[in-house]
Amino acid sequence: MHTRLAILCSLLFVSAASAGSVDIAVKPEVQKKSADIAKEEYVSSHWLRVRITNYTSVKLEGVTLKWALYAANLRRGSDTIAVEKSGEMKITVDSNGRYLDIETPKVAFDFVRTHSERSGRRSYKLVEESGKKYHGFHVQVISGNEILGQAFSESVHKLIK
């Protein structure tokens, strides 16, 4: 499990996208806060480290960085993906290959995996999965109505197209 997560994170770090005059590289970060293995309860914080590189000869002033972290709702019968937390901020990026590093706020995700719990001497009850599990990200740099650059995780790419 940890190996798959490490591979996924390294692949997402490489997912830089250029839709215009800036490049955006995103490295998703995670901090496991707690895990109750017996009850299959997991709590973690996720955030993004974003590097915006301006290759033009013009300094970008007052452009907007928009970001969103997506969660999978694990309630049975409603397998949906939705924005868990989003935000935006005004940024300035110097010209000629200079870059700006930004870190988004930490967002908590907690979920319970499907498991069985003892409900008597010889009986067990099924506990359904529930909560919200991290699913991916989407980042854009916008000037007015023009998207200068964007990056997203592969799992979110399918949702926004």
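The values are calculated or read from the model by the stated rules, or taken from the named source; none is laboratory data. Just so we're clear, the structure is a prediction, and the values are computed from it rather than from any experiment. Using ideal geometry, Cβ is built from the backbone for each residue, glycine included, and neighbour counts are taken over all protein chains shown. Note: accessible area is taken over every heavy atom of the protein model, side chains too, but ligands, DNA and RNA are not part of it. Shrake-Rupley method; radii C 1.70, N 1.55, O 1.52, S 1.80 Å.
For this structure, a couple of remarks:
- With R₀ fixed at 22 Å, the C-beta to C-beta distance from Glu29 to Lys90 puts the FRET efficiency at about 0.45.
- Local electrostatic count at Arg75 - Lys and Arg +1, Asp and Glu -1, tallied over other residues with Cβ under 10 Å: -1
- Of the listed residues Asp23, Asp94, the order by accessible area with a 1.4 Å probe, largest first, is Asp94, Asp23.
- Per-q log10 I(q)/I(0), segment 30-161, q = 0.15, 0.18 Å⁻¹ (Debye; single scatterer per alpha-carbon; no solvent): -0.79, -1.00
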